[in-house]
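Asker: A single structure is presented below for examination.
The values are calculated or read from the model by the stated rules, or taken from the named source; none is laboratory data. Just so we're clear, the structure is a prediction, and the values are computed from it rather than from any experiment. Because the Cβ atoms are built from the backbone with ideal geometry, glycine has one as well, and the counts that use them run over all protein chains shown.
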Amino acid sequence: MPQSLARVWLHMVFSTKERRAYLQREDFREEMFRMIGHHVGELDCVPLRAGGWNDHIHFVCGLSRTVTIADLVNHVKVETSRWAKDVEHGSSTFSWQSGYGAFSVSQSNLEQVLGYVANQAAHHKMRSFQDEFRELCLRHELEIDERYVWD
């Protein structure tokens, strides 16, 4: 087959360094979500939705055939950190944690995941980022070592 085709949806999750509430201001947080979408698109990936809460973000995107997950995350983190350090209401100490979670999303479950990402504010009135991340890992049958996952 001469043509290469791919449709890979990802649900990406990572927190701020030490889960600091850098994203506490709603206007800053919303702008961060737009910036994430912009930088996802720079790598020819398909940004669908970004969301999150005071100390972490989620985004759903289609992965380009030519980009690795690690390269995507690195690009988004570097560029959004640079932006957050310079923009009004940002912080010169802004930083993301070094790790991340990358979860596959089936086409049949995509709308449900997009809704989940969109409802982060309501979701986090009831549970912490750590509990949420543990549950995501459990659902995807990923073992985590809690000595290293929370930086």
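Asker: Specify the residue that is farthest from Asn54 (Cα to Cα); the eligible residues are those in segment 116-138 that are among the charged types (D, E, K, R) and loosely packed, with under 15 Cβ neighbours inside 10 Å. It would help to see each step written out before you state the result.
Answerer: Keep residues of segment 116-138 that are among the charged types (D, E, K, R), which gives 125, 127, 131-132, 134-135.
Going one step further and asking which of them are loosely packed, with under 15 Cβ neighbours inside 10 Å, we end up with 125, 127, 131, 135.
On the way: Lys125: 11, Arg127: 13, Asp131: 15, Glu135: 19 Å.
Restricting to residues being among the charged types (D, E, K, R) and loosely packed, with under 15 Cβ neighbours inside 10 Å, the top hit is Glu135.
Asker: Quick check: is even one residue across segment 21-38 of a type in the set (Ser, Thr, Tyr) and assigned to a strand (DSSP E or B)?
Answerer: Step one: filter segment 21-38 for residues of a type in the set (Ser, Thr, Tyr), giving 22.
Filter again for assigned to a strand (DSSP E or B), leaving none.
Within segment 21-38, none of the residues are of a type in the set (Ser, Thr, Tyr) and assigned to a strand (DSSP E or B).
Asker: On the basis of being buried (at least 19 other Cβ atoms within 10 Å of the Cβ), over 24 Å from Glu143 (Cα atoms) and modelled with pLDDT of 95 or more, does Ile36 make the cut? If you could, list the steps in order and put the result at the bottom.
Answerer: Numbers: buried (at least 19 other Cβ atoms within 10 Å of the Cβ): yes; over 24 Å from Glu143 (Cα atoms): yes; modelled with pLDDT of 95 or more: yes.
Against the criterion (buried (at least 19 other Cβ atoms within 10 Å of the Cβ), over 24 Å from Glu143 (Cα atoms) and modelled with pLDDT of 95 or more), Ile36 qualifies.
Asker: Also, I was wondering about something else. With the requirement that a residue be surrounded by 21 or more Cβ atoms within 10 Å (Cβ to Cβ) and touching a Ser or Thr at 6+ places or on another chain (Cβ under 7 Å), what does segment 40-62 give you?
Answerer: Those that are surrounded by 21 or more Cβ atoms within 10 Å (Cβ to Cβ) and touching a Ser or Thr at 6+ places or on another chain (Cβ under 7 Å): Cys45, His56.
Asker: Search segment 63-81 for residues being among the small types (Gly, Ala, Ser) and assigned to a helix (DSSP H, G or I), and hand back the single one that is surrounded by the most Cβ atoms within 10 Å (Cβ to Cβ). Walk me through how you get there before you give the answer.
Answerer: From segment 63-81, those among the small types (Gly, Ala, Ser) are 64, 70, 81; that's our starting set.
Applying the additional criterion that residues be assigned to a helix (DSSP H, G or I) yields 70, 81.
Working: Ala70: 10, Ser81: 17.
Only one residue fits best here, namely Ser81.
Asker: Same structure, new question: So for segment 29-37 (the condition being out of contact with any Pro (no Cβ under 8 Å at 6 or more places or on another chain) and free of Cβ contacts under 8 Å to residues at least 24 places away in the same chain), does at least one residue qualify? Before the answer, list the steps.
Answerer: To start, the set of residues in segment 29-37 that are out of contact with any Pro (no Cβ under 8 Å at 6 or more places or on another chain) comprises 29-35.
From what is left, the residues that are free of Cβ contacts under 8 Å to residues at least 24 places away in the same chain are 30, 34.
Scanning segment 29-37 turns up at least one residue that is out of contact with any Pro (no Cβ under 8 Å at 6 or more places or on another chain) and free of Cβ contacts under 8 Å to residues at least 24 places away in the same chain.
Asker: Go through (1) more than 23 Å from Thr80 (Cβ to Cβ); (2) modelled with pLDDT of 95 or more one by one and return the number of the condition Ala122 breaks.
Answerer: Answer for Ala122: the failing condition is (2).
Asker: Among the residues of segment 33-48, is any in contact with a His (Cβ under 8 Å, 6 or more places away or on another chain), among the hydrophobic types (A, V, I, L, M, F, W, C) and more than 22 Å from Thr93 (Cα to Cα)? Don't jump to the end; show me each part of the working.
Answerer: Residues of segment 33-48 that are in contact with a His (Cβ under 8 Å, 6 or more places away or on another chain), as a first pass: 39, 42-43, 47.
From what's left, among the hydrophobic types (A, V, I, L, M, F, W, C): 43.
Adding the requirement that they be more than 22 Å from Thr93 (Cα to Cα) leaves 43.
Scanning segment 33-48, I find at least one residue that is in contact with a His (Cβ under 8 Å, 6 or more places away or on another chain), among the hydrophobic types (A, V, I, L, M, F, W, C) and more than 22 Å from Thr93 (Cα to Cα), so the answer is yes.
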